[in-house]
Amino acid sequence: MNKLQTRFGEVEYDPETTLRFPQGLIGFEDLRQFIVMPNQKQGPLFWIQSVEDPQVAFVLSDPTNFFLDYRVVPEQGERDKLGMNEGDECFVLSVVTVHPDRSITFNLAAPILFAPASNRAMQVILEKTHYQTRTPLPTC
Amino acid sequence: MLVLTRKAGEGIIIGDNIRVSVVEVRGGGIRIGIDAPVEMKIHRQEVYDRILKENKEATQWELVDLNDVSDLLVTRKGSQ
């Protein structure tokens, strides 16, 4: 187990099981390795902590919990970068912005594709969509 | 930065496998055609910049806020 000092305190992690972003995230291209942090609370939000930069952590969530018809299918080039084989699953996650007023928005314009089999992920930009970078939760 | 003047129908070759051509010049806009390998991602600058900005903002959160939001979401789900 390795230890990392983050802005949330000390985190212990197994370097073998970290989530890999072979291309980083947009604007964070050098950050390739993230720790998936266990939830302190129930609910759909969780967060990933960068191993390379202790200051950087992203809140993520499965957008289909809230946006029922949201679907992103990886293209072949993306499947290759994720190291996916025929029949491998791919999940879609959103970067969630937690605003100071405690509202949250989902970045539906740039989802994260996650392939559990390879433990790799990548952020993609959806061109030609109406999805917004700051999508508020639908009102119920 | 390399700056070149091109007319409609003319193009530029970048490296071995990228070709950029000016399709049409009309009004204040220029239509650009790009031939590039499929794995090469091409984005409008403002779209890329917007996502970069949102990613940076998304790192500026506090654990206490996340915990409160999670509690609110659980309540919300329970009320549905």
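Every read-out reported here was derived from the displayed coordinates using simple, explicitly stated rules and does not represent laboratory data. These numbers come from a predicted model, not from an experiment. Positions of Cβ are generated from backbone atoms using ideal geometry, with glycine treated the same way; all protein chains shown enter the neighbour counts.
Could you list, in sequence order, all residues of region A:112-123 that are at negative phi and part of a loop (DSSP other than H, G, I, E, B)?
The answer is A:116, A:117, A:118.
I'm trying to understand the selection: among the residues of region A:97-117, which are of a type in the set (Gly, Ala, Ser), more than 20 Å from residue B:48 (Cα to Cα) and touching a strand residue (DSSP E or B) at 6+ places or on another chain (Cβ under 8 Å)?
Residues satisfying the conditions are A:103, A:115.
Looking only at region B:18-59, which residues are surrounded by fewer than 14 Cβ atoms within 10 Å (Cβ to Cβ), more than 14 Å from chain A (Cβ to nearest Cβ) and of a type outside the set (A, V, I, L, M)?
Answer for region B:18-59, where residues must be surrounded by fewer than 14 Cβ atoms within 10 Å (Cβ to Cβ), more than 14 Å from chain A (Cβ to nearest Cβ) and of a type outside the set (A, V, I, L, M): B:19, B:24, B:26, B:27, B:28, B:29, B:31, B:33, B:35.
Residues checked against (1) more than 25 Å from residue A:109 (Cβ to Cβ); (2) of a type in the set (Gly, Ala, Ser); (3) in contact (Cβ under 8 Å) with a residue 60 or more places away in the chain:
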site	(1), (2), (3)
A:15	yes, no, no
A:25	no, no, yes
A:31	no, no, no
A:36	no, no, no
A:42	yes, no, no
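Please go through region A:107-135 and pick out each residue that is of a type in the set (A, V, I, L, M, F, W, C), over 11 Å from the mean Cα position of the chain (by Cα) and under 18 Å from residue A:44 (Cβ atoms).
A:108, the sole residue that qualifies.
Is there a residue being of a type in the set (Lys, Arg), within 20 Å of the chain's Cα centre (by Cα) and on the phi < 0 side of the Ramachandran plot anywhere in region B:51-65?
Scanning region B:51-65, I find at least one residue that is of a type in the set (Lys, Arg), within 20 Å of the chain's Cα centre (by Cα) and on the phi < 0 side of the Ramachandran plot, so the answer is yes.
Restricting to region A:1-34, what's the tally of residues that are among the aliphatic types (A, V, I, L, M), crowded, with 20+ Cβ neighbours inside 10 Å and part of a strand (DSSP E or B)?
1
Looking only at region A:118-140, which residues are under 20 Å from residue A:25 (Cα atoms) and of a type in the set (A, V, I, L, M, F, W, C)?
Within region A:118-140, A:121, A:122, A:124, A:125, A:126 qualify.
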